[in-house]
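Q: Below you will find the structure I want to go over with you.
Laboratory data are not the source of any read-out in this text; all were calculated from the coordinates shown. Treat the numbers as computed from the prediction; the structure is a model and nothing was measured. Glycine gets a Cβ as well: all are built from the backbone with ideal geometry, and neighbour counts include every protein chain shown.
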Amino acid sequence: MIRGQNVTLFNPQGYIADQQHRLFVLIGGLLLLTATPVVLLLYFTAWKYRETSSNTAAHAAAHPERAPSQLFGYITWGFPILCLVLFVSILWPATHKLEPRKAIASGVKPMTIQVVAMRWKWLFLYPDQKIASVNYVQIPKDTPVKFELTADDAPMSSFWIPNLGGQLYAMTGHVNRLNLVPNKLGLYDGRSAEINGAGFSGMTFKANVTTAADFDKWTLSARQSSPMLDSATYANLVKPSQDSPVLYYGDYQSDLYSNIAAKYMSSHMSHTAEAVTTPNAEHEAHE
């Protein structure tokens, strides 16, 4: 049924996605291993004591003088407790190991890509290469990438490249960090994983994993042949639009990303300050 289909859950192309896939298969197998006996026992009990059975009365007869079985009690309570301990012993360390903000150890120098979620498009800023792109991100193979996620004039959006790893939210006034490593060359789909408005269905992008040499060629080409992302261009770009095309920019203001994040951080801080100072002011007025 799924043969020949690109089912992203079963087609990991990055280190994090591969670890998540292995964890999913392991936990799924253990769940089947623990749930199957319970389901079979339930079916057996229902069949044995069914109403149409000829020996229902004999089997269902009460025996008030019979003492409860300690072995049955141990099994009833012990089996679920052992399963719980097993799952916790696997999931607890795996959760910390796959923490999105945790840097991935590698012999390759990591790179940073700053991501801005807009309505309804994705802006990617490369601070080291001084280029930018819209709805397209290119990454060198086997290179750890730290995505710094924020948003500008947009609802909370879920940044997700399914073949490479899990999703993380981009929101105004906050910077989230998602670490991924692509291990195979290819062109992968990225999207907003949750509904965030009228243009949600078109809020997609392409993630192109290439060799380091091809990545360098692309960055050089973008710098030489693309316009600059200046203030006027950005003001037009941030306006809501649907199904936006891929765009490239050969340069941008170095403080663009920090200004985007700070714009909403200062607003949130002022609201927090008002919430803290207002009760004190009212108290002083009463005094």
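Q: Please work out how much length the chain gains when fully extended from Lys184 to Trp77, using 0.36 nm per residue of separation minus the C-alpha to C-alpha distance, in nm with one decimal.
A: Numbers: separation 107, 0.36 × 107 = 38.52 nm, distance 4.61 nm.
Full extension from Lys184 to Trp77 adds 33.9 nm.
Q: If you don't mind, there's one more thing I want to ask. Within 13 Å, Cβ to Cβ, of Asn183, how many net charges do the neighbouring residues add up to if Lys/Arg are +1 and Asp/Glu are -1?
A: Its environment carries a net charge of 0.
Q: Roughly how many whole Å is it from the C-alpha centroid of segment 122-190 to that of segment 210-263?
A: Cα centres, segment 122-190 to segment 210-263: 13 Å.
Q: Please check: in the Gaussian network model of the chain (C-alpha springs, under 10 Å), which one of Pro37, Pro240, Pro144 has the largest mean-square fluctuation.
A: Of Pro37, Pro240, Pro144, the Gaussian network model singles out Pro37 as fluctuating most.
Q: Mind checking the angle between helix 15-48 and the chain's longest principal axis? C-alpha axes, 0 to 90 degrees, to the nearest 10.
A: Value to nearest ten degrees: 20.
Q: Using Cα springs under 10 Å in a Gaussian network model of the chain, which residue among Gly190, Gly202, Gly107 shows the largest mean-square fluctuation?
A: Of Gly190, Gly202, Gly107, the most mobile in the Gaussian network model is Gly107.
Q: While we're looking at this one, here's another question. Who wins for biggest fluctuation among Ser225, Ser192, Ser201 in a Gaussian network model of the chain, springs between alpha carbons below 10 Å?
A: Comparing Ser225, Ser192, Ser201 in the GNM, the peak value goes to Ser225.
Q: Relative contact order (percent) for the chain, with alpha-carbon contacts under 8 angstrom and 6 or more residues of separation? Intermediate values should be presented prior to the final figure.
A: Working: 463 pairs, mean separation 55.9, N = 287.
Relative contact order for the chain comes out at 19 percent.
Q: Between Ser231 and Val7, what is the label-to-label distance in nm when each label sits 7 Å out along the Cα-to-Cβ direction?
A: Modelled inter-label distance: 5.3 nm.
Q: What do you get for the angle between helix 70-97 and the principal long axis of the chain? Use alpha-carbon atoms, 0 to 90 degrees, nearest ten.
A: 10
Q: Roughly how tilted is helix 212-225, in degrees to the nearest 10 and between 0 and 90, from the longest Cα axis of the chain?
A: Its long axis makes an angle of about 40 degrees.
Q: May I have the convex hull volume per residue, in Å³, for the Cα set of the chain?
A: Numbers: hull volume 80.6 nm³, N = 287.
Spelled out: Cα convex hull of the chain, divided by residues, is 281 Å³.
Q: Dipole magnitude of the chain about its Cα centre, charges +1 at Lys/Arg Cβ and -1 at Asp/Glu Cβ only, in debye to the nearest 20? Kindly include the intermediate steps, with their values, before the conclusion.
A: On the way: 22 positive and 21 negative charges, 252 e Å.
My answer is approximately 1200 debye.
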